[in-house]
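Working notes, structure below.
No lab work stands behind these numbers, since they all come straight from the coordinates. Being a predicted model, the structure only gives us computed values, none of them experimental. Cβ placement follows ideal geometry from the backbone for every residue including glycine, while neighbour counts extend to all protein chains displayed.
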């Protein structure tokens, strides 16, 4: 069963990290409260820091977040749901709009990425919806390092 999330407006950085891990995560800072309530109807795991939402949500479909730090928040979610590295698919979703990203030919991104990136990278991916382009860079290796620290070291992943 695929785990999906809906995050309340105060959890934007957590939502971004869940998308980096490959989880379908609804997040909208403007209509977030309605979205979180709608998550109950779509069987998403609700992520909130709001006591009222915690009271109104059926048990088992909510993780109440205590920490202010996004990485610690992510640890809370991993622990609460007993997630492992086999549950994640890093760098498979757009961090902006939550849509799966897909490979794109290098020639298709010419003029849409910085010249240095186009000349030095060979692999590109693009969001089907918002058209944002992704490539493996130093940010990818730093994010992978953080991801590996979230899980047991025997489960290290590489991209």
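Counting the residues of region 109-139 that are exposed (fewer than 10 other Cβ atoms within 10 Å of the Cβ) and on the phi > 0 side of the Ramachandran plot gives 1. Within region 87-116, the set of residues being free of Cβ contacts under 8 Å to residues at least 60 places away in the same chain and out of contact with any strand residue (DSSP E or B) (no Cβ under 9 Å at 6 or more places or on another chain) comprises 107, 110, 111, 114, 115, 116. Here is a check on your reading of the model: is residue 83 touching a helix residue (DSSP H, G or I) at 6+ places or on another chain (Cβ under 8 Å), without any contact (Cβ under 8 Å) to a residue 60 or more places away in the chain and not in a helix (DSSP H, G or I)? When the stated conditions are applied, residue 83 does not pass them.
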